[in-house]
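Below you'll find the structure, written out as structure tokens, and then a few comments.
The values are calculated or read from the model by the stated rules, or taken from the named source; none is laboratory data. Just so we're clear, the structure is a prediction, and the values are computed from it rather than from any experiment. Here the Cβ is made from the backbone with ideal geometry for all residues, glycine too, and neighbour counts use every protein chain on show.
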Amino acid sequence: MTEISRRQLLLGTVAVAALAFAAPAFAVDVAELNKAPALGEMALGADEGAKVTLIEYASATCPHCAAFHKEAWGKLKAEYIDTKKIRFIFREFPLNDAALAAFMIARAAPKESYFPLIDIYFNTLETWAQNPAEGLLNIAKQAGFTQEKFDATLKDQALAKSIMAIRDGGVKFGVKGTPSFFLNGEQFEGERTFESFKAAIDPLL
């Protein structure tokens, strides 16, 4: 039993199961890929229908996702997202209970706190992941959570299942690991440098 389970961060009925990844047997339907999940889309940059859309599937506990956000995300955001040249969508793909708990907190926080919380998760992953129960509580408090709200959020079965539905959607589109990116429907897997994204995005603008 994991530390996060012992501390009852999540109910057993929504524990993250191992995935048997398989490539899709069909080409990705871009219209379906771009359709917002029932829980709602977490997006930055240009509005819906933008000429260029970049979707990232990531896990809050993924060191490769953290490396991307530390090394490439800042430049990508400054050059293409803050300037509204592209639309960026972040989709949750939890690989374990700690990641699911982290995303539940981010979703339950005020909407303006969502991306700042994601940044904290990735920038401090090596610290909070050592003791997820304590680490996530300390991060949640920065977004205004009390102990009571923290506990209630992590018992929210409907929220957990909605996030898992987003992960299931990623599997349907062929996500085999994190981070995985879709640039106008074309899939890119693994850590990507800012330069590789720039080379792929510029011709599309």
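Values as computed for the structure displayed
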quantity: Any hit, the stretch 109-119, residues being within 18 Å of C62 (Cβ to Cβ), out of contact with any strand residue (DSSP E or B) (no Cβ under 9 Å at 6 or more places or on another chain) and modelled with pLDDT of 95 or more; calculated: yes
quantity: Selection within the stretch 166-178 - part of a helix (DSSP H, G or I) and among the basic types (K, R); calculated: R167, K172
quantity: Pairs, first within 15 Å of S59 (Cβ to Cβ) and in contact (Cβ under 8 Å) with a residue 60 or more places away in the chain in the stretch 151-175, second assigned to a helix (DSSP H, G or I) and among the acidic types (D, E), C-beta under 9 Å, six or more apart; calculated: G169/E32
quantity: Test: residue in the stretch 138-145 that is under 15 Å from the mean Cα position of the chain (by Cα), small (G, A, S) and modelled with pLDDT under 95; calculated: no
quantity: Residue check, A140 among the small types (G, A, S) and closer than 14 Å to A98 by Cβ; calculated: yes
quantity: Extreme residue, surrounded by the fewest Cβ atoms within 10 Å (Cβ to Cβ), among residues of the stretch 176-205 that are of a type in the set (K, R) and within 20 Å of C62 (Cα to Cα); calculated: K176
quantity: Residue match in the stretch 154-165 (condition: among the β-branched types (V, I, T), on the phi < 0 side of the Ramachandran plot and in a helix (DSSP H, G or I)); calculated: yes
quantity: Output for the stretch 66-95, where each listed residue is over 13 Å from T53 (Cα atoms) and assigned to a loop (DSSP other than H, G, I, E, B); calculated: D82, T83, F93, P94, L95
quantity: Evaluation of E56 against (1) closer than 20 Å to E189 by Cβ; (2) of a type outside the set (A, V, I, L, M); (3) surrounded by fewer than 20 Cβ atoms within 10 Å (Cβ to Cβ) (one fails), failing number; calculated: (3)
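Let's see how each residue does on (1) at pLDDT below 50; (2) touching a helix residue (DSSP H, G or I) at 6+ places or on another chain (Cβ under 8 Å); (3) of a type in the set (D, E, K, R):
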residue	(1), (2), (3)
G12	yes, yes, no
A20	yes, no, no
A23	yes, no, no
D29	no, no, yes
E32	no, no, yes
L39	no, yes, no
A43	no, no, no
A50	no, no, no
